[in-house]
Amino acid sequence: MTDLEKFSPGVRRYIEAARRGQEDRDRYVREMVKKWKFDTIAVHGLYSVQEAIEKNQGAVIEPIFMSSSQAWRDADEMEAAFQYLIPGWAYSRIANPSTSYLEGTLALLETYGTDVEATCCATSSGMSAIFSATEPLLAIEPQQTGPWNFVSSCQIYGGTYMLFKIRHPQMGAECRWVADPTDMDEWKARIDNNTSFLFGELPSNPQQSFLDIKAVADLAHAHNIPLIIDSTIATPALLRPFAHGADIVVHSVTKTMTSSGFGIAGAVIAKKGMYYKSVPYEGQADYASFIKLLPNRDFGPNLSPFHAVLTLNDLRTLRSKIDYLSRNAQRVAEFLHDHPKVEKVMYLGLPDNPMHKLASRDMWLVDSEYDDVYRKRVNRYGHLLSFCVKGGHQPARRVLNALGRIMRATDLGRIKSLANIPAISTHQQQGEESREEAGIPDNLIRLCVGAEHPDDIIADLDQALAKA
């Protein structure tokens with residue numbers, strides 16, 4: 001008996017129709033979408049003219065499916081859908097058409113310019129994305145004696161640090177920290193037979209750390225485990241980790257991608273075919289879809305359709321926004337670099353940054369060579385920078401308090417400039433010792449440069465620094 005023969009004729013009809021539909025979609029992606037430039041994919045994603053006319057009454061923009069659940073034509077369709085044998089969404093906790101538009105777009109943008117095939121699971125926040133990506137890799141029994149461990153750079157977002165330092169160990173997994181992510185010997189020394197995955201964030205928030213993705217990916221693969229990269233700050237407009245060997249890319253889509261500040265979202269984009277020892281068998285062929293349809297079905301962290309469409313609208317101009325924000329940040333970083341009240345500036349675009357050369361190798365404005373303005377490949381380093389105020393914590397507080405136009409907020413990646421002191425906000429829960437190890441002193445101000453005119457940003461910083 002074949003796999004299809006065990007089902008009733010009605011169920012088989014739905015399965016066969018779904019296969020034909022999937023073949024048509026794959027052909028559309030292969031023959032048309034994959035040939036588009038980055039900006040065109042960001043604008044259209046997988047939403048075709050044919051789908052707009054035939055399924056959505058000609059709606060030019062992807063519609064919001066705000067219903068909590070899906071009705072079925074009959075019992076046969078319901079049976080096929082709940083066994084994941086045909087496309088469907090059933091219940092918005094599991095999937096939703098609006099969310100699927102976003103997932104398809106993000107997978108295409110992250111794999112742009114590569115031959116990698118990947119899928120995406122959109123989640124309710126960046127932290128839910130990191131949990132969703134890592135939890136299944138710690139859930140199966142390790143082949144060796146003892147519990148799983150995993151290895152991470154210590155230069156990561158404060159929420160990620162707490163997940164790795166507190167929550168995953170509560171479930172029996174040990175996090176092993178790498179103090180210098182450019183030191184390959186340090187990565188090697190932390191790995192053993194029970195290591196489940198490697199994790200890095202770049203550029204890191206807030207200290208602008210970087211790592212050699214290819215070298216760390218090669219090390220992970222030599223140990224039959226995946227490499228996960230948090231690329232929230234760069235976005236695929238500046239960096240596509242799959243091109244350098246990463247297996248999973250996570251984003252707090254809330255941040256740089258959703259620059260308006262209206263949407264809250266996360267994303268796990270995973271390449272297909274992850275046949276590693278820590279990946280559950282059901283997820284090896286298509287890890288992101290496995291996450292969405294099985295673990296996240298039960299945990300419930302997937303994204304709402306409303307936030308999916310808000311995010312899609314922000315994505316459409318991602319490349320041009322990242323270019324402008326990066327150019328603004330470069331000017332601001334250069335101003336701060338020469339300011340007498342500033343002790344240190346952390347920005348990968350500054351030539352004296354110790355990681356400038358490595359970042360310049362991998363961070364490029366996508367498709368700048370096709371841009372009428374540039375007509376060549378140009379480096380861009382993102383919107384985030386940090387600087388240390390001379391004199392310690394209290395002068396840094398005075399500078400933060402004196403900002404007039406730049407808002408004091410712990411958010412980042414906004415169209416508006418924002419600033420905070422991580423030691424008393426986003427990274428305060430880490431404790432002084434771990435902040436010191438991660439390079440986050442208490443006089444460090446994190447600045448997320450927005451789309452205001454750079455002269456106005458600089459003027460606000462200049463008057464605030466006078467109060468230091």
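What follows draws every value from the coordinates through simple rules; no lab data is involved. Being a predicted model, the structure only gives us computed values, none of them experimental. When we count neighbours, we look across all protein chains shown, and the Cβ atoms used for this are built from the backbone with ideal geometry, even at glycine.
See the values below:
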| read-out | value |
| --- | --- |
| Whether segment 225-322 is rounded, prolate or oblate, judged on the alpha carbon gyration tensor where a/c under 1.5 counts as rounded | oblate |
| Of HIS383, PRO441, HIS393, farthest towards positive along the dipole that unit charges on Lys, Arg, Asp, Glu beta carbons give segment 318-465 | HIS383 |
| Peptides 388-398, 269-279 ordered by average Cβ neighbours within 10 Å, highest first | 269-279, 388-398 |
| Separation of the GLU16 and SER425 label points, Cα + 7 Å toward Cβ, nm | 6.0 nm |
| When segment 125-227 is reduced to its Cα atoms, the Kirkwood hydrodynamic radius in Å | 13.8 Å |
| Prolate/oblate/rounded label for segment 268-325 (Cα gyration tensor, a/c 1.5) | oblate |
| For segment 266-271, Karplus couplings with θ = phi - 60° (6.51, -1.76, 1.60), whole Hz, Gly/Pro x | x, 8, 10, 10, 10, 6 |
| At 0.890 mPa s and 25 °C, Stokes diffusion of segment 307-355 via Kirkwood alpha-carbon radius, µm² per second | 191 µm²/s |
| Listed residue (SER368, MET184, LEU198) projecting farthest to the positive dipole end of the chain, Cβ model | SER368 |
| Radius, Kirkwood style, for segment 287-376 when every pair of distinct Cα atoms is counted (Å) | 17.0 Å |
| Net charge of neighbours whose Cβ lies under 12 Å from the Cβ of GLY158, counting Lys and Arg as +1 and Asp and Glu as -1 | +2 |
| Computed FRET value (nearest 0.05) for ARG331 with SER360, which takes r as the C-beta separation and R₀ as 25 Å | 0.90 |
| Average Cα contact separation per residue, segment 4-315, under 8 Å, 6 or more apart, as relative contact order % | 22 percent |
| Relative contact order (%) - criterion: Cα under 8 Å, at least six apart; region: segment 318-465 | 27 percent |
| Beta bridges per DSSP with both ends in the chain, % antiparallel, nearest 5 | 60 percent |
| The chain, helix-only ellipticity at 222 nm - DSSP H runs n ≥ 4, -39,500 (n - 2.57), divided by all residues, nearest 500 | -10500 deg cm²/dmol |
| Span per principal axis, largest first, for the Cα atoms of the chain (Å) | 78, 57, 39 |
| Computed FRET value (nearest 0.05) for ARG30 with ASN56, which takes r as the C-beta separation and R₀ as 25 Å | 0.60 |
| Shape of segment 1-160, Cα gyration tensor, a/c cut at 1.5 | oblate |
| Residue-span extension gain [LEU4 to THR317] - 0.36 nm each, minus C-alpha spacing | 108.3 nm |
| Mean shadow area of segment 318-465, taken as a quarter of the surface of its Cα convex hull (nm²) | 9.0 nm² |
| Sorted by Cβ neighbour density within 10 Å, fewest at the top, the residues THR258, THR99 | THR258, THR99 |
| Neighbourhood net charge (14 Å Cβ-Cβ; Lys/Arg +1, Asp/Glu -1) for GLY261 | +2 |
| Net length gained if the chain between ASP183 and HIS393 were fully extended (0.36 nm per residue, minus Cα distance) | 72.6 nm |
| Area projected by the alpha carbon convex hull of segment 148-293, averaged over all directions, nm² | 8.7 nm² |
| Surrounding net charge for ARG327, when Lys and Arg each add one and Asp and Glu each subtract one, Cβ distance under 12 Å | +1 |
| Inter-label distance, nm, simple model (7 Å from Cα along the C-beta direction), VAL378/GLU117 | 3.7 nm |
| Inter-part distance where segment 207-273 and segment 309-349 are each reduced to a Cα centre, Å | 19 Å |
| Between segment 2-22 and segment 27-98, the alpha-carbon center distance in angstrom | 19 Å |
| Efficiency of FRET from Cβ geometry, ALA409 and ALA285, R₀ 41 Å, rounded to 0.05 | 0.50 |
